[in-house]
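To start, the structure under review is shown below, and the notes come after it.
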Amino acid sequence: MDEKIVEIINKNQAEQEEVVDDKSYEEKIAASIRKVSLIIDGQLIEFSARTILDERLKIYLPDFFEVMSAEIAALKYPSARRPELIYTNPDTTINLSFNHTASELKSDITEDEMTGFKDYMLEVIQKMQPAAEILADGVEEINGQQLGFLEFVTPALDTDIYNFNFLVELQGRALICSFNCIAEKMADWKVAAKGMMQTVEIVSEEVKGGSLDG
């Protein structure tokens with residue numbers, strides 16, 4: 001491996017290990033992502049900002065994430081209500097989807113109101129997937145926007161699936177961003193998922209035309 005890359009990995013890894021508490025750790029991870037690199041499973045993963053959903057939402061994603069094809073999406077998400085936009089890695093074991101729902105949310109939603117919506121989504125998950133193991137949930141203010149989040153593990157046919165959902169208001173409606181990966185990748189990628197949430201930024205409140213893009 002190139003010596004410069006090794007140096008970057010060692011420096012980045014040392015910074016990531018300087019953990020004071022969960023919140024400061026997430027902020028360190030987000031800062032590392034914004035600096036376009038993060039160590040995941042001993043590898044240097046490069047990130048870049050993407051402006052998506054009719055140029056309304058900015059988020060940093062791994063450079064190797066590509067928009068999932070309609071054919072693969074139909075297989076992995078057989079429901080007709082599958083997410084509108086799905087990013088995935090080359091072997092489709094790590095995914096981040098975006099679903100701009102019909103659920104109404106106020107543009108100036110308060111922490112208490114977002115908590116209520118988050119709790120409602122938690123109830124929906126528990127009803128639809130009673131075997132789900134809830135790991136964490138809460139609400140944070142990120143870039144001036146209230147975001148709710150839900151962290152849970154669900155069983156699948158041959159492995160468990162780690163899920164990290166974060167909820168935000170976009171154009172008066174709830175946007176559900178759903179990260180998932182196979183259990184074998186959970187230890188490495190759950191930190192990255194939380195870091196990506198920290199980079200979410202609503203670009204503009206002006207309604208723009210066009211379609212979902214990548």
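FYI, it's all coordinate maths here, none of it is from the lab. Remember, predicted model here, so these are calculated numbers, not experimental data. Note: ideal-geometry Cβ built from the backbone for every residue, glycine included; neighbour counts use all protein chains shown.
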Cα atoms only, region 49-202: Rg and Dmax in Å? 14.7, 42
Beyond 20 Å between alpha-carbons counts as too far, so tell me which of Lys127/Lys190; Lys127/Lys185; Lys28/Lys194 fall in that bin. Lys127/Lys190; Lys127/Lys185
Cα convex hull of region 91-142: mean projected area in nm², to one decimal? 5.3
Low-density loop positions, trypsin sites (Lys or Arg not before Pro), region 79-163 - DSSP coil, at most 14 other Cβ in 10 Å: Arg81, Lys106
Could I have the simple spin-label model distance between Tyr77 and Asn143, label points 7 Å from Cα toward Cβ, reported in nm to one decimal? 2.0
DSSP loop chymotrypsin sites (Phe, Trp or Tyr not before Pro) in region 41-113 with at most 13 other Cβ atoms within 10 Å of their Cβ, which ones? Phe64
